[in-house]
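The structure appears below as structure tokens.
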Amino acid sequence: MLQLNPPLPLNTPKGEGFAHFLIDYGPESDLYWTVFITETGEIWTFANREVRASKNITLGRTSPSQPRPAPVRRVDNAGNRGERAVVPLGSKDA
């Protein structure tokens, strides 16, 4: 885990915010950004594929793409999971 100093402005599926932490679980996992959402004050953690750098005219980034939430895959009744199944933290499968 890395505390970002200064925090980085990011666009997220929940709106614009500032990333304060970057979590790296290793080479077989996405990077995870912990973002404080500006409008609501909520704190969310997003996978790397769900965030985009904010607009920065000086750097030529005038219209970054809008990020979309990662698809959710369901766990079936037999306990089989899709490629990116969502398992709540603290569950017996986590």
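Worth a mention:
- The residues neighbouring Val51, those whose beta-carbon lies less than 15 Å from its own, together hold a net charge of +1 under the Lys/Arg +1, Asp/Glu -1 convention.
- Sites listed here are chymotrypsin sites (Phe, Trp or Tyr not before Pro) in region 1-46 whose DSSP assignment is loop and whose Cβ has at most 14 other Cβ atoms within 10 Å: Tyr25.
- For region 1-53, the relative contact order works out to 32 percent when only alpha carbon pairs closer than 8 Å and six or more residues apart are counted.
- Thr38 accessible area, 1.4 Å probe, all protein chains in place, Å² to nearest 10: 90 Å²
The values are calculated or read from the model by the stated rules, or taken from the named source; none is laboratory data. All values reported here derive from a predicted model rather than from experimental measurement. When we count neighbours, we look across all protein chains shown, and the Cβ atoms used for this are built from the backbone with ideal geometry, even at glycine. For accessibility, only protein heavy atoms count, side chains too; no ligands or nucleic acids. Shrake-Rupley method; radii C 1.70, N 1.55, O 1.52, S 1.80 Å.
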